[in-house]
C-alpha cells in the first residue's frame, strides 16, 4: 500500500478526530448531539402518537401502537447492523487507512442493504402470520394491516439514514445526523397534521407521512455524505471483497445486530409478565418506562460516544489513551448516573403524575415503587452502556452479546421465578432489573481486567 493511500488529511479537515486532545471534553462534546437526537426522537414519537390518538380514535391508536412495537424490533435489527459497520469504519478512520475505510464502507453498505431488502420482502410476504403472532384483536387487524403495508416501505429509508448517520459518527461528525433527524421529525408531524386532519386520509395518511419524512432524511443525508465527504466515496478499486475484510464487517455487524435484537426480545418477555398482573401494573409500568427512557438517555448516548472514541483510538493503536478514556468515562458516567438516580428517587411521584392522572393513586403508587427500586440503580446501566460500547469498539462484539444475555437473561429468569411468589409479587420484576445490570457489570469488568493482565 502506498504511503499517500494510508494516511488521509480528512481527520484534520473535518475536525472529527478523537485520537488527540482532551479526552472527557471531546467525548462529552461528541455525545451532546446524540443526546439531543434521542430527545428529539422521543418528543417526535409522543407528537405522532398524539395526532393519531386525538384525531383518529382508539382503534387507530391501538393499531399504530402495536405496529410501533414491531417496527422498533425491525429498526433495532437495521440499527445494530449499522452500528457494527460504523465501528469498522471508525477503526479504519483512526488508523488513517483511507483505502481500508472506503472498502469497509462499500462492504458494509452492500451487506446491510442486502439484509434490509431481505427483511423488507419477508415482512411483506409474512404480514398475516405476523399479525396472528402478535395476537392483534380482530377489529384492529384491518387498520393495522393498512398501516403496516405502507410503513414497511420506509425500511429502505431507515437503512439509508441509519447507515449514513453511523458512518458520519464514525468519523466524529454527530451534528449532521442530528440535523437530518430534526428535519424528519418536524416534517413528519407537519405531514401528519396535513394528511390526517386536512386531507382526511386516515391511518394510511399517518403511515404515508412517516414514510415520506423518512425518505427525505434518508436520501438527504446520503446525498450530503457523498457530496460533502468525497473521501468517503468508494473508488473502483475499493469495490471488491476480501475474505478478511468481509469477515470483520460481518462479525461486527451481525453481533451488534444480535445484541440489539436480544435486548428488544427480553423487554417483550418482561412486558408479557407485567401484563399478567392486570391493568394497574401495566399502566404503571408503561409510564415508568417512559420516564426511564428519558432518565438514562444521557448515559446511553455517552456510552455510544465513548464507543466511537475507543474505536478511533483502537484503530490508531493508542491503547494508553483508551485506558485513560475508560477511567475518565467511568467517572463521568458515574456522576451522571448518581445525579439522575437521586432526582428520580426524590421526584418519583411528580414524574409519574406527568403521565398519570393524580386521582389514579394505585397506578402512581405502583410506578413510584418501580422508580425507587430500579431508578436508584442507574449506575449499573451507566457502566453497562460503557462496556457495550467498549467491546464493540475493540472488535469483540461477541462480548457485548454475552453481557446483554447475562443482563436480560438474569432479569427475565429472576422475574419469572420471583413474581409468582405471594410474598414478592411484582416487586420481583422490578428488583430483577438492577440485579441483571449488576451481574453483567461484574462479568464485563472482570473480562476487562483479564485482558489488561494477559501477556501481550
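Since every read-out is calculated from the coordinates, none of them should be taken as a lab result. Worth saying up front: this structure is predicted, and the values here are computed from it rather than measured. Reconstructed Cβ throughout: ideal geometry from the backbone, glycine too, with neighbour counts over all protein chains shown.
How many nm is it between the label spots at residue 323 and residue 244, if each spot is 7 Å from the Cα in line with the beta carbon?
2.7
Rank-order 342-350, 321-329, 236-244 by packing density, defined as the average count of other C-beta atoms within 10 Å over each peptide's residues, highest first. Kindly include the intermediate steps, with their values, before the conclusion.
Details: 342-350: 15.1, 321-329: 18.4, 236-244: 10.6.
Put in order of decreasing packing, that is 321-329, 342-350, 236-244.
Note down the relative contact order for the chain as a percent, whole number, built from C-alpha pairs under 8 angstrom at least six residues apart.
The value is 21 percent.
Go from 0 up to the bin containing the longest alpha carbon distance in the stretch 23-240, width 10 Å each, and give me the % of pairs per bin.
Each 10 Å bin holds this share of Cα pairs: 8, 31, 32, 19, 8, 1.
From the C-alpha gyration tensor of the stretch 279-456, pull out the three semi-axes of the equivalent ellipsoid (sqrt of 5λ each), sorted largest to smallest, in whole Å.
34, 18, 11
Can you figure out the FRET efficiency of residue 42 with residue 330, using R₀ = 30 Å and their beta-carbon distance, to the nearest 0.05?
E(calc), rounded to 0.05, equals 0.70.
For an R0 of 51 angstrom, estimate the FRET efficiency from the Cβ-Cβ distance between residue 54 and residue 251 and round to the nearest 0.05.
It comes out at approximately 0.65.
I'm a student and want to see the number: the projected area of the Cα convex hull of the stretch 370-456, averaged over all directions, in nm².
Result: a mean projected hull area of 6.0 nm².
From the helices alone, meaning DSSP H stretches of at least four residues, give me the mean residue ellipticity at 222 nm for the chain, per-run term -39500 (n - 2.57), in deg cm²/dmol to the nearest 500.
Value at 222 nm, helices only, nearest 500: -28000 deg cm²/dmol.
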